[in-house]
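Engineer: Here it is, the structure, as structure tokens.
The values are calculated or read from the model by the stated rules, or taken from the named source; none is laboratory data. Keep in mind the model is a prediction, meaning the values are calculated, not measured. Cβ placement follows ideal geometry from the backbone for every residue including glycine, while neighbour counts extend to all protein chains displayed. The accessibility values were calculated without ligands, DNA or RNA, using every heavy atom of the protein model including side chains. Shrake-Rupley method; radii C 1.70, N 1.55, O 1.52, S 1.80 Å.
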Amino acid sequence: MCGIVGYIGNKEALPFLINGLKKLEYRGYDSAGFCIQHDGKLSVVKRKGKVKELENASKSLKITGHMGIAHTRWATHGAPNEANAHPHLDCKGAIAIVHNGIIENYGALKEMLKKEGHRFFSETDTEVLAHLIEKFKGKNLESAVAMALKLVEGTFGLLVIDKTSQEIIAAKKGSPLLLGIGSQEIIIASDASAIAGHTKKVVYLNDSEMAIISSNNYVVKNVNGKVVEKKIHDMEMTVQQIEKRGFKHFMAKEIFEQPLAIENTLRGRIGDGRIKLSIDVDVKKVKRIIITACGTSWHSALIGKYLIEKIIGIQVEVDYASEFRYRNPIIKKGDLVVAISQSGETADTLAALKEAKQKGAKTLGVVNVVGSTVAREVDFGIYLHAGPEIGVASTKAFTCQVTALLLFALYLQQQKGVLDKKILEELKKIPAKIEEILKESKNIRILAQKFKASKNFLYLGRGLNFPVALEGALKLKEISYIHAEGYPAAEMKHGPIALIDEHMPVVFIAPKDDTYQKIISNMQEIKARGGTVIAIINENEPYIAALTNHVIKVPKTLDILSPLLNVIPLQLLAYHIADLKGLNVDKPRNLAKSVTVE
Ligand code: G6P
């Protein structure tokens, strides 16, 4: 949830830390802080609010030093204030720590440490770690950290420094951490975006590993203190990919990037009329597919169910990862568990994946962030290659997830010898059709102006477009704080219809497919009760005007591909409403991009 960055090298640490925090701010953003070691001292600065506040505060202080750690926080334990912001220190102010994750037994540890005379300054679980390390501090910071972590239950990605050691100690369990290896410098971060632009060489830490890092060397050890040989990977992310490129918000940039992002998901995978995926799934052995995910990724999972069942005929179940992990799920021989995650770090999705693996399922990941934990845990994976998604509300990851699921479904068809080339050919045309819809952005903004004061919204769709209705509603509530619900259109009669009056805008996703006539009847029901109808259509029938207040027309495509087009106006509508309301589109209140806590 939070972001961590550390620097050790031959340059001033502060600019690296501040720039790194700015890149990581999308992960958590209620307070931030850093600690720099110099002349045998630790200088700590923390501020409530954005990294900018911290940067302003640090300007007048002239802090120098070549090693330091920093953190941007999304509160879990204790209010978002300066005291609870990281880094946290021990009693003597000689040890500093930044931490992402949750120390589950912190209550018991805190009691123990208090009895031993330790004094606490914050309400956080993290501070317990600083005092535990202090408790074990003999000569060596590394062994003190190792001993402290033996007592800890929970998850962590953490960095520790003290007043004198010329090393940063990093440790990981259930929360990402990677090392960017430069020349005479090493940057450690919870996310590659803080490293991009400095070096392409990265080392990913695995769970229960600890790294002892100096400016020109690093040693990684396992939980038994044995040195682990680590592979150096080439990082794909570039600085250009994580800048706004003239857009007002990352979310707008990411919406407009979708044609290219989808092309990147397809690249190299549909050449010469065949599907090429680097996975080894045998359609004959797959009896059932269980897809697990959270948030927007769960919506693409629902679309995956519809399309896999429709074109392959394999039974698919979809489960919220948070539910799957706790209900002792039944896994049988022939089950394939698919985990979908943009970040690849969502705690519930990871736990669901572990549960599935423990029960013997084969696992497949549909992941955007290269090298992320989900990507490394699964048996096989399909990367989205959508590029970094910075806006908290997911957009391009969603359409690329649906594209990847389509590729997977076609891959299974191909094995059965029944590859539907019509779908393949039409898939190639989707990016250009999305470009067409994006041209409507200005008109959608005019519509947004009309509805920005609404208090509620209803989104209705059927079949493959029911999950699109859910996604449209989620986008709106996430960033505009307008209450919105998505429903299968026919379910409307069983409750939501009671809400319809002239103050309730209802968005219909109504492409001309085999549910079209039914959707039209549902529209009539809303109109008859004075509701305002906004319809996403792909054919302008003469009677549509009488049934709707506003229409947004999208190009025609195959039914099975229509979610890829229909979701675009819904993303734009949510975006423009939130922007017109003057809200923080990229960093909506209370949300975080990557939810690494339960
Ligand atoms: C958070 C984000 C959502 C995202 C969900 C799942 O709630 O705000 O945008 O859909 O996590 O994230 P994942 O990275 O697993 O797709």
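Engineer: Taking only Cα atoms, what is the 0 to 90° angle, nearest 10, from helix 13-24's long axis to the longest principal axis of the chain?
Structural biologist: 20
Engineer: Find, to one decimal place in angstroms, the Kirkwood hydrodynamic radius of region 3-240, where the mean of 1/r is taken over every pair of different Cα atoms and then inverted.
Structural biologist: On the way: mean 1/r = 0.0577 Å⁻¹.
The Cα-based Kirkwood calculation yields 17.3 Å.
Engineer: Under a crude label model (7 Å from the Cα following the beta-carbon direction), how far is residue 61 from residue 111 in nanometres?
Structural biologist: Each label point lies 7 Å from its Cα, and together they span 3.6 nm.
Engineer: Of the listed peptides 242-248, 309-315, what is their order by residue-averaged count of other C-beta atoms within 10 Å, with the highest listed first?
Structural biologist: Working: 242-248: 13.1, 309-315: 15.3.
Result, highest mean first: 309-315, 242-248.
Engineer: For the chain, what does the equivalent ellipsoid look like in terms of its semi-axes, each the square root of 5 times an eigenvalue of the Cα gyration tensor, given largest first in whole Å?
Structural biologist: Its equivalent ellipsoid spans semi-axes of 45, 27, 22 Å.
Engineer: Oh, and also: Using the beta-carbon distance between residue 446 and residue 238 and R0 = 45 Å, what value does 1/(1 + (r/R0)^6) give for FRET efficiency, to the nearest 0.05?
Structural biologist: It comes to 0.80.
Engineer: In Å², and per residue, what accessible area does region 440-584 have when probed at 1.4 Å with the other protein chains present?
Structural biologist: Working: 5410 Å² over 145 residues.
With the other protein chains kept in place, region 440-584 gives 37 Å² per residue.
Engineer: Which FRET efficiency, nearest 0.05, do residue 83 and residue 525 yield, Cβ-Cβ r, R0 41 Å?
Structural biologist: 0.15
Engineer: Further, regarding this structure: Helix 466-480: angle to the longest alpha-carbon principal axis of the chain, degrees 0 to 90, nearest 10?
Structural biologist: That works out to roughly 50 degrees.
Engineer: Now a separate question. Roughly how many nanometres apart are two label points built 7 Å out from the Cα toward the Cβ at residue 327 and residue 418?
Structural biologist: That separation, rounded to one decimal, is 3.0 nm.
Engineer: Just the number please: accessible area per residue for region 3-240, 1.4 Å probe, all protein chains included, in Å². Write out the running numbers ahead of the final one.
Structural biologist: Values: 9420 Å² over 238 residues.
Value returned for region 3-240: 40 Å² of accessible area per residue.
Engineer: Per 0.36 nm of contour for each residue apart, how much would the distance between residue 539 and residue 219 grow if the chain were fully extended, relative to their Cα-Cα spacing?
Structural biologist: Additional length available on full extension: 109.0 nm.
Engineer: Let me ask something additional. If R₀ is 22 angstrom, what is the calculated FRET efficiency for the pair residue 309 and residue 501, using the beta carbon separation as r and rounding to 0.05? Before the final figure, lay out the partial values.
Structural biologist: Details: r = 37 Å, r/R0 = 1.69.
Result of the calculation: an efficiency of 0.05.
Engineer: Evaluate the distance, in nm, between pseudo-label points positioned 7 Å from the Cα of residue 183 and of residue 513 along their respective Cα→Cβ axes.
Structural biologist: For residue 183 paired with residue 513, the spin-label model returns 5.5 nm.
Engineer: Let me spell out the model: positive unit charges on the Cβ of Lys and Arg, negative unit charges on the Cβ of Asp and Glu, origin at the Cα centre of the chain. What dipole size does that give, in debye rounded to 20?
Structural biologist: Details: 81 positive and 65 negative charges, 68 e Å.
Rounded to the nearest 20 debye, it is 320 debye.
Engineer: Which value in deg cm²/dmol, rounded to the nearest 500, describes the helix-derived mean residue ellipticity at 222 nm for the chain, given -39,500 (n - 2.57) per DSSP H run of n ≥ 4 and division by the residue count?
Structural biologist: For the chain, the value works out to -10500 deg cm²/dmol.
Engineer: Taking only Cα atoms, what is the 0 to 90° angle, nearest 10, from helix 516-528's long axis to the longest principal axis of the chain?
Structural biologist: Orientation of helix 516-528: about 90 degrees from the principal axis.
Engineer: Here is a further query. Per the Kirkwood treatment, what hydrodynamic radius in Å, one decimal, follows for region 303-412 from the mean inverse distance over all distinct Cα pairs?
Structural biologist: It works out to 14.2 Å.
Engineer: Give me the net charge of residue 423's neighbourhood, meaning all other residues with Cβ under 12 Å from the Cβ of residue 423; Lys, Arg count +1, Asp, Glu -1.
Structural biologist: So the surrounding residues net to +1.
Engineer: When the expected Rg is taken as 2.2 N^0.38 Å, what fraction or multiple of it is the alpha-carbon Rg of region 244-435?
Structural biologist: 0.99
Engineer: Here's another thing I want to ask about it. Quantify, in whole percent, the carbon and sulfur part of the accessible surface of region 244-435 (1.4 Å probe; protein heavy atoms only).
Structural biologist: Carbon with sulfur: 51 percent of the solvent-accessible area.
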